[in-house]
Amino acid sequence: MKSAPFLFSPSVLMFLVIFSGIWSASTSAEPMVSLKEPPVSLEQWYKPANKRQVWLHTMFRLRREMQAISEYAEQGKPRAMDKWIKRLDKDYRKIAEMVPEWEALIKPRLLSDLETFAEKGDMPRAGRTLKMIKRTCDDCHTYYQPLVTATYRSPGYDDIKLQDTEGGTQSFEENMELLSASLNRTLIALDDGHNDIAVQSSKDLSQQLDALGESCGNCHKDDAYPRERILGKETQRRFASLQDKISAGQVRDSQKLMGEIAVTVCARCHNTHRIISDLRNVLLPDDR
Ligand code: HEC
Ligand code: HEC
Ligand code: HEC
């Protein structure tokens with residue numbers, strides 16, 4: 001279950017961000033629900049074990065089917081419901097076919113009930129049955145969804161290897177520690193008037209970022225834009241200008257540029273990548 005590839009989906013991001021809110025709020029106020037580890041048989045329905053994110057796509061279909069049935073029920077169109085009830089029935093049963101350990105969590109009987117009420121045109125009871133089905137969805141999600149999303153769909157950085165300046169390799173985390181050291185060494189040197197050290201360590205910083213830039217393609221395959229956004233022309237312009245300012249002894253301007261780099265490079269990247277990574281490490285401590 002190590003650092004599985006994930007889906008590039010904004011919903012993952014939103015989910016983790018929302019979840020982090022619940023997480024922190026719940027530690028202070030309400031007692032937290034205890035999250036449960038998903039059964040191992042789930043793994044075969046996700047990448048890389050599977051070619052597709054089969055489990056997730058079944059879930060997307062379930063949601064669509066539930067919505068179609070509920071909208072037609074509200075509109076009083078029982079005949080239009082028929083097709084969608086059949087689809088829901090099939091996909092709902094797939095839950096236990098795919099993960100037998102979860103069989104007790106679903107109630108296929110409710111689907112037969114739903115079909116009967118739709119046939120009779122009894123919309124109020126069809127609506128109530130739909131709510132009961134929805135409750136089985138929610139119950140499972142409450143306990144299992146967060147860890148499943150974190151395990152199979154959040155990006156991991158542990159397996160990424162970067163080139164260091166001596167031609168060897170370094171881990172993502174080692175690169176981060178070097179970045180931090182160079183950034184602070186530059187700021188300390190500027191503060192203390194050691195301009196030669198500031199020039200050198202700001203060059204180191206720029207090189208370490210170039211090395212980091214080679215790793216973006218691990219996840220952002222065939223998409224040059226993410227790298228350009230954070231490490232592209234604007235950042236290169238700031239570094240060039242920084243070298244000039246430091247050499248000219250313009251300390252205030254140099255400090256200002258360093259601040260801009262920290263915000264537009266480090267913080268901008270951390271706001272998406274590091275927050276999720278930290279959250280994943282909290283949720284899946286054994287995965288480290
Ligand atoms: C890919 C975008 C990205 C950029 C750009 C980036 N970081 Fe990071 N940083 C991360 C991620 C992701 C983590 C968490 C890594 C992990 O959990 O293994 C991290 C973690 C860190 C850490 C903690 C390392 C540890 O020991 O856990 C430090 C310090 C850090 N970054 C500093 C910086 C500085 C300084 C810069 C800018 C000069 C920077 N980073 C730019 C993505 C980025
Ligand atoms: C036995 C457990 C279980 C049941 C029952 C279940 N789900 Fe899920 N569902 C999950 C898990 C686990 C995830 C997390 C998948 C992920 O993040 O990759 C999920 C995720 C989802 C998502 C994706 C949310 C998102 O955008 O990331 C939707 C939609 C969904 N379920 C709909 C449903 C509906 C509708 C039902 C009921 C008809 C249902 N599920 C029943 C386990 C279940
Ligand atoms: C381990 C996987 C991984 C690596 C490595 C990675 N990213 Fe990302 N990045 C993601 C995911 C996941 C998202 C959110 C979904 C998306 O936008 O594709 C994202 C989003 C982004 C975004 C869009 C955020 C926004 O503002 O909308 C940018 C920009 C970005 N990454 C830049 C980078 C850069 C630059 C690097 C290399 C230094 C990098 N990424 C390396 C996984 C990764």
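The values are calculated or read from the model by the stated rules, or taken from the named source; none is laboratory data. What you see is a predicted model, and the numbers here were worked out from it, not measured in a lab. Using ideal geometry, Cβ is built from the backbone for each residue, glycine included, and neighbour counts are taken over all protein chains shown.
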Hey, does region 163-172 have a residue that's small (G, A, S) and under 19 Å from Q250 (Cα atoms)?
-> no
Tally, over region 157-191, of residues that are of a type in the set (F, W, Y) and exposed (fewer than 14 other Cβ atoms within 10 Å of the Cβ) = 0
Restricting attention to helices (runs of 4 or more DSSP H) lying wholly within region 47-155, give those where 1 or more residues are of a type outside the set (K, R) and within 30 Å of R274 (Cβ to Cβ).
-> 54-74, 123-153
Among R109, R63, which is the only one that is surrounded by fewer than 17 Cβ atoms within 10 Å (Cβ to Cβ), under 29 Å from the mean Cα position of the chain (by Cα), modelled with pLDDT of 95 or more and not aliphatic (A, V, I, L, M)?
-> R63
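Could you list all residues from region 260-276 that are touching a residue at least 12 places away in the same chain (Cβ under 8 Å) and more than 8 Å from ligand 3 (Cβ to nearest atom)?
Within region 260-276, the first condition is being touching a residue at least 12 places away in the same chain (Cβ under 8 Å), and the residues that meet it are 260-262, 264-266, 268-269, 272-273, 275-276.
Within region 260-276, E260, I261, A262, T264, V265, C266, I275 qualify.
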Does R238 satisfy the condition of being among the basic types (K, R), more than 16 Å from ligand 3 (Cβ to nearest atom) and over 17 Å from P155 (Cβ atoms)?
-> no
Within region 156-179, restricting to residues that are in contact (Cβ under 8 Å) with a residue 24 or more places away in the chain and part of a helix (DSSP H, G or I), the one that is farthest from the chain's Cα centre (by Cα) is L178
Those residues that are among the hydrophobic types (A, V, I, L, M, F, W, C) and within 16 Å of ligand 2 (Cβ to nearest atom), I need them from region 145-197; list them, please.
-> L147, V148, A150
Among the residues of region 74-90, write down those that are modelled with pLDDT under 95 and crowded, with 17+ Cβ neighbours inside 10 Å.
-> P78
For region 242-257, name all the residues that are crowded, with 18+ Cβ neighbours inside 10 Å and small (G, A, S).
-> S254
Of the conditions (1) at pLDDT below 95; (2) surrounded by 13 or more Cβ atoms within 10 Å (Cβ to Cβ); (3) within 14 Å of ligand 3 (Cβ to nearest atom), the single one that K221 does not satisfy is (2)
Of the residues that sit in region 259-286 and are at pLDDT 95 or above and of a type in the set (V, I, T), which one is nearest to ligand 1 (Cβ to nearest atom)?
-> V265
Test for P146: is it surrounded by 17 or more Cβ atoms within 10 Å (Cβ to Cβ), away from ligand 1 (no atom under 16 Å from the Cβ) and under 30 Å from A49 (Cβ atoms) = yes
Report whether or not R227 is crowded, with 16+ Cβ neighbours inside 10 Å, without any contact (Cβ under 8 Å) to a residue 24 or more places away in the chain and within 11 Å of ligand 1 (Cβ to nearest atom).
-> yes
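Could you list, in sequence order, the residues of region 230-258 that are within 10 Å of ligand 1 (Cβ to nearest atom) and within 19 Å of D192 (Cβ to Cβ)?
M258
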Answer residue from region 207-240, given it is out of contact with any helix residue (DSSP H, G or I) (no Cβ under 6 Å at 6 or more places or on another chain) and small (G, A, S) and is farthest from ligand 2 (Cβ to nearest atom) among those | A240
